[in-house]
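Undergrad: Quick one: this structure, given as structure tokens, is what I'll be asking you about.
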Amino acid sequence: MATIEELGYALARQIPDMEGGFTVQTNYGDLRITGEAAVRMAELARSLLERQYRQAKGRATRAKASRSTGAAVHGRGRTDDDATT
């Protein structure tokens, strides 16, 4: 899983750079992506990474909030207080 910093860097630097073309390395050789295909794939990558970035920021915010309240978190965001309801 990428860190918030890694995702931010990818969104700020790597994804925009992809729009000019890039190479995908596979076990069977390199695949050069150029032109409209590069732009569209960069758009898709941006969309996916933005979602991951928002999720990572949300997790970090919830973790910080649970540390500040002293609540123990269980599973999918449940706290000790939720366990009795």
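The values are calculated or read from the model by the stated rules, or taken from the named source; none is laboratory data. Computed from a predicted structure; not experimentally measured. Reconstructed Cβ throughout: ideal geometry from the backbone, glycine too, with neighbour counts over all protein chains shown.
Undergrad: Among the residues of segment 1-20, which ones are surrounded by 13 or more Cβ atoms within 10 Å (Cβ to Cβ) and among the aliphatic types (A, V, I, L, M)?
TA: Across segment 1-20, the qualifying residues are Ala2, Ile4, Leu7, Ala10, Leu11, Ile15, Met18.
Undergrad: For a quick check of your reading of the model, give me the residue pairs whose first member lies in segment 43-61 and is over 12 Å from Ala2 (Cβ atoms), whose second is assigned to a helix (DSSP H, G or I) and at pLDDT 95 or above, with beta-carbon atoms closer than 6 Å and at least 6 apart or on different chains.
TA: Taking only residues 6 or more apart or on different chains, the pairs are Ala45/Ile15; Arg46/Ile15.
Undergrad: Being under 8 Å from the mean Cα position of the chain (by Cα) and among the aliphatic types (A, V, I, L, M) is the filter; apply it to segment 2-16 and report the residue that is farthest from Arg54 (Cα to Cα). Don't jump to the end; show me each part of the working.
TA: Filtering segment 2-16 down to residues under 8 Å from the mean Cα position of the chain (by Cα) leaves 2-4, 7.
Next cut, among the aliphatic types (A, V, I, L, M) only: 2, 4, 7.
Working: Ala2: 12, Ile4: 9, Leu7: 10 Å.
Among those that are under 8 Å from the mean Cα position of the chain (by Cα) and among the aliphatic types (A, V, I, L, M), it is Ala2.
Undergrad: Ok, one more. Can you confirm whether Glu36 is loosely packed, with under 11 Cβ neighbours inside 10 Å, part of a helix (DSSP H, G or I) and modelled with pLDDT of 95 or more?
TA: On the way: loosely packed, with under 11 Cβ neighbours inside 10 Å: yes; part of a helix (DSSP H, G or I): yes; modelled with pLDDT of 95 or more: yes.
Here the answer is yes, as Glu36 does meet what is asked.
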